[in-house]
Structures are given as structure tokens and as C-alpha cells.
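Taking it in order: structure first as C-alpha cells, then the write-up.
Just so you know, all these numbers are worked out from the coordinates, no wet-lab data involved. Model, not experiment: these values are computed from the prediction. So basically every Cβ, Gly included, is an ideal-geometry build from the backbone, and we count neighbours across all protein chains shown.
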Amino acid sequence: MRKYFKKLPRELREVISQASQVSQETRMPAYLVGGCLRDLILGVKNLDLDIAIEGNGIIFAQNLAQKLKSRLKTHERFGTAILILSDGLKVDIATTRQEKYPYSAALPVVNSGSLKEDLKRRDFTINAMAVSIAVDKEQKIIDPFGGQDDLSSGRIRILHNLSFKDDPTRILRAIRFSQRFDFKIEPKTLLLLKEAISDGLLDKVNPHRMHDELILMLKEQNPFRPIKELDDLGALSFISTKLKIGKSTQALFKSISKEIAWFVKNFPARRQLDTWLVYFAALLAPLTWLEIKLIIYRLGLRKGEQKRVTSYYRGRKKLISSLSKKQVAPEQIFLLLEPLSYETIILLSATTPNKNFKKYLADFFEIYNGMRLCISGHDLGGLGVLPGPEYQKIFAKVLTAKLNGQVRNRQTELALIRKLVQAT
């Protein structure tokens with residue numbers, strides 16, 4: 001395993017080294033587990049570490065956080081913790097545990113357990129491997145369920161026959177991993193997956209959990225593939241029974257991908273896009289406004305997420321019409337686009353082939369977005385203008401002048417407000 005560890009960034013190698021010391025000091029065996037180990041073996045980039053502890057994961061995490069001088073978030077109830085490193089990298093630490101499901105789609109009852117019991121509770125064989133991080137031990141992969149063989153053969157395989165009934169969200173994960181790695185879902189696993197879909201088990205899962213799994217799917221590098229597979233298997237009903245994925249959806253997702261790439265390339269300093277939300281909003285295109293609102297409510301989207309989806313569907317026709325004309329004043333471009341999120345604007349651009357519209361969007365990002373005045377209320381007060389409605393009228397006129405290139409700096413803004421005050 002040392003050859004795999006060497007592929008990690010320096011900071012993560014330091015985390016493993018320090019975790020090995022904590023393991024020795026506390027006499028708690030520590031293991032690298034799950035997706036990060038899978039990706040190390042596959043040679044896939046994964047900057048998050050998952051460490052399982054036989055003992056007390058919280059105490060282990062506290063000791064490690066002290067050594068690394070990192071921030072720590074703990075969840076006492078589950079015996080888990082998250083270390084947040086200086087550059088935003090995360091380390092998940094969990095006490096090894098066993099889980100039992102009282103009924104289908106229920107949250108599991110958790111008890112402490114051995115490493116083997118911890119691996120046994122996982123979703124697929126390729127995620128049920130571990131390796132000791134202790135430097136004084138031979139670093140052989142612990143693989144009780146044949147995960148390495150499934151990795152080399154390109155198979156997605158569950159650990160037991162009740163896996164999808166226990167946790168139906170594994171249906172989405174099976175599809176997501178199979179499409180990401182271009183793996184095949186093993187025949188028996190596929191049969192059980194289809195039975196779980198046919199039995200409507202996805203509809204029994206808490207919608208907020210489905211919301212989280214859907215986000216992960218839409219964050220994939222090519223989200224159309226797993227979404228199309230879900231549709232082919234008849235599993236999109238947890239969003240809406242009226243959703244159908246066809247060539248128009250594929251074309252829209254492809255267009256969104258191009259717009260996102262354009263934005264990231266040209267505006268790297270802007271805030272990071274919630275790309276999944278753009279794809280999610282696009283996914284709802286065939287539905288009515290009422291159906292869209294019901295889905296947003298049922299899946300428990302946060303207020304900010306709701307606003308970004310609804311702003312697209314409520315005002316898109318008027319906005320597209322206004323910005324498709326040959327001549328649109330900068331002031332109008334600013335007033336129409338400034339209230340919108342980047343995600344909404346990206347989706348508007350992806351759905352609108354009009355060249356004028358795309359030019360105005362580019363102008364907005366390059367010139368007008370976030371434009372602010374140099375003057376303030378203090379400047380108006382100095383000219384004898386009392387706070388009130390007149391403030392906003394003057395500010396609006398100065399902003400319009402700035403958008404139209406008539407004022408360019410504080411000096412010219414001040415000259416304009418003097419002129420406007422004298423005219424009142």
C-alpha cells in the first residue's frame with residue numbers, strides 16, 4: 001500500500017503519518033477505508049480521507065486535530081468526527097460499528113463493532129475494504145468480501161441480498177458508481193436492484209435523504225449518464241412519475257456543461273457554481289409550474305436553492321425576450337440580470353441560442369456584475385440632502401450613468417451628484 005499512499009498530496013500523507021502516531025499513542029487500531037481506498041487502488045483522484053477507528057473515534061479525532069492544529073466537528077451520537085484542514089481538505093473519522101435496520105428504508109440502529117462488522121455494513125464490495133495506517137504493520141489490504149477482484153473485473157456487487165431493502169438509496173449509488181467507473185452491475189445485484197425499484201422502495205425513503213443522493217448524482221462529471229440509467233430502470237418516480245429523459249434532456253445537459261466550462265474558464269475568481277442545481281432545474285423542464293413547486297417542497301430544498309430554481313421558471317420568458325433584441329441599454333442588462341444567481345443565468349444561456357442574448361450575458365459577467373458606486377450617503381449629506389426617497393433617486397441616476405459609461409470614478413460621480421442636487 002505504500003505505493004498508493006505516495007500518490008496522495010503531501011498534506012494528506014502528513015495526516016496519515018500523524019494518525020499512525022495517534023494510533024500508537026492511544027492503542028486504537030486505525031484503518032483507511034471506503035471510497036478513498038477504492039479510489040487509491042483505481043488511481044482516481046480523491047482528496048478526502050476516511051479513517052475507521054477500533055476504539056473511540058471521537059477521542060482519536062481530538063488527538064489528531066491537536067497534532068494537526070485543524071478544526072474539528074464531532075457527532076457524539078454516531079461516534080464520528082470531521083477534521084477540516086487548512087486548505088479545505090476533509091478527513092472523516094468514525095468508530096467502527098455495526099448497523100441493523102428495523103424495517104425497510106429505516107435509519108439504522110447503530111452499535112459499536114469490529115472492523116469486519118463495520119465493513120460488512122457497507123453498500124458494495126468495492127467500498128468494503130480497509131488497510132491499516134500503522135507504519136509498523138505490514139500494509140496488506142483487508143478484503144473479506146472480494147472487493148479487489150470486483151474492482152479489477154469492473155463489477156458493482158452488494159454484500160447481501162437485503163442490501164437494497166435495508167437502504168434503497170443504494171440503488172442510486174449503484175447506478176452512480178457504475179456510470180462513473182464504467183463498471184457493470186453484477187447480474188444478481190441488478191436483479192435485486194430492479195426488484196427493489198418495482199416494489200417502490202425508493203418512495204419509502206425520507207425525501208431529504210433522496211435529495212442528498214440526487215445532489216451527488218448531479219455532481220458527477222457527466223450527470224446525464226446516471227440520470228438516463230435511472231430513467232431506463234423506471235426509478236425516477238421518486239422525483240416525479242411524469243419525468244421522462246430523452247434527446248432534448250441530453251442536449252440541454254450538454255449545453256449546460258459547455259456553459260459551465262465557459263464560466264469557469266473565463267471567471268475563475270467568481271464564486272464556485274452549484275452545478276448540480278443547474279442540472280436539477282433543467283431536469284424539471286417538462287413539468288408544470290405546480291408540479292415543480294411540489295417537488296421543491298417534497299425534496300426539502302433549502303431557501304436559497306428554491307429561489308434559484310423558481311427564479312428561472314417564473315421570469316425566463318420575459319427576460320429572454322427582453323435580452324434577445326439587437327439594442328439593449330447597459331442599464332437594462334444590469335437591472336434584469338443582477339438580481340439573478342449565477343446558476344439561473346447559466347441555465348438561461350444554455351436554453352437560449354440567441355446570439356444577442358449570449359453577448360449581453362457575457363457583457364454582464366465581464367463588465368456590469370457587482371458594479372457599485374464610489375459615492376455614499378455621506379457624500380449626499382455633505383451636499384445638504386437629507387436621508388429619504390431622494391437618496392435612492394440620485395443613486396439610481398448615478399448608477400445608470402456609470403453603467404452607460406458616463407461616469408467612471410469617484411471624481412466624476414461626485415460631479416454628477418452635485419449637478420443633480422443643484423437641479424432639485
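Computed values, structure above
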{"quantity": "Rg/Rg_ref, the chain, where Rg_ref = 2.2 N^0.38 Å and atoms are Cα", "calculated": "1.23"}
{"quantity": "D182-K397 pseudo-label distance in nm [points 7 Å out on the Cα-to-Cβ vector]", "calculated": "6.5 nm"}
{"quantity": "C-alpha long axis of helix 10-26 to longest principal axis of the chain, angle in °", "calculated": "50 degrees"}
{"quantity": "Proximal aspartates and glutamates to K326, defined as alpha-carbon separation beneath 17 angstrom and excluding residues fewer than eight positions away on the same chain", "calculated": "D363"}
{"quantity": "DSSP-defined antiparallel bridges as percent of all bridges, the chain, nearest 5", "calculated": "75 percent"}
{"quantity": "Within the range 83-104: backbone nitrogen closer than 17 Å to the K45 label point (7 Å, Cα to C-beta)", "calculated": "87-90"}
{"quantity": "Most mobile of S86, S112, S255 in a GNM of the chain (Cα contacts under 10 Å)", "calculated": "S86"}
{"quantity": "Relative contact order (%) - the range 1-153, alpha-carbon pairs under 8 angstrom, separation at least six", "calculated": "23 percent"}
{"quantity": "Nearby aspartates and glutamates by direct alpha-carbon distance to K90 (threshold 14 angstrom, same-chain neighbours under 8 apart not counted)", "calculated": "E11, E14, D48, D50"}
{"quantity": "Calculated from backbone phi, Karplus (6.51, -1.76, 1.60) coupling profile of the range 46-54 in Hz, x at Gly/Pro", "calculated": "8, 9, 10, 9, 10, 10, 9, 10, 8"}
{"quantity": "Potential lengthening between A269 and H75 on full extension [0.36 nm per residue; Cα-Cα distance subtracted]", "calculated": "66.4 nm"}
{"quantity": "S132, S349 arranged by Cβ crowding within 10 Å, fewest neighbours leading", "calculated": "S132, S349"}
{"quantity": "For F267, F164, F357, order by how many other beta-carbon atoms lie within 10 Å, fewest first", "calculated": "F267, F357, F164"}
{"quantity": "Top of T344, T241, T125 by mean-square fluctuation, Gaussian network on the chain, Cα under 10 Å", "calculated": "T241"}
{"quantity": "Listed peptides 282-293, 21-32, 66-77 by packing density, highest first (mean Cβ within 10 Å)", "calculated": "21-32, 282-293, 66-77"}
{"quantity": "Percent of C-alpha pairs per 5 Å bin, the range 1-153, short to long", "calculated": "2, 10, 19, 23, 21, 15, 7, 3, 1"}
{"quantity": "Residue-by-residue Karplus 3J(HN,Hα) for the range 89-104, coefficients 6.51, -1.76, 1.60, Hz, glycine and proline x", "calculated": "5, 10, 10, 8, 10, 9, 5, 4, 8, 10, 10, 10, 9, x, 7, 4"}
{"quantity": "Along principal axes, Cα extents of the range 154-237, largest first, whole Å", "calculated": "31, 30, 20"}
{"quantity": "In degrees, nearest ten, helix 57-68 long axis to first principal axis of the chain (Cα)", "calculated": "60 degrees"}
{"quantity": "Theoretical ellipticity at 222 nm over the chain - DSSP helices of four or more residues, -39500 (n - 2.57) apiece, nearest 500", "calculated": "-16000 deg cm²/dmol"}
{"quantity": "19 Å Cα-Cα threshold exceeded, pairs from K258/K355; K303/K393; K7/K45", "calculated": "K303/K393"}
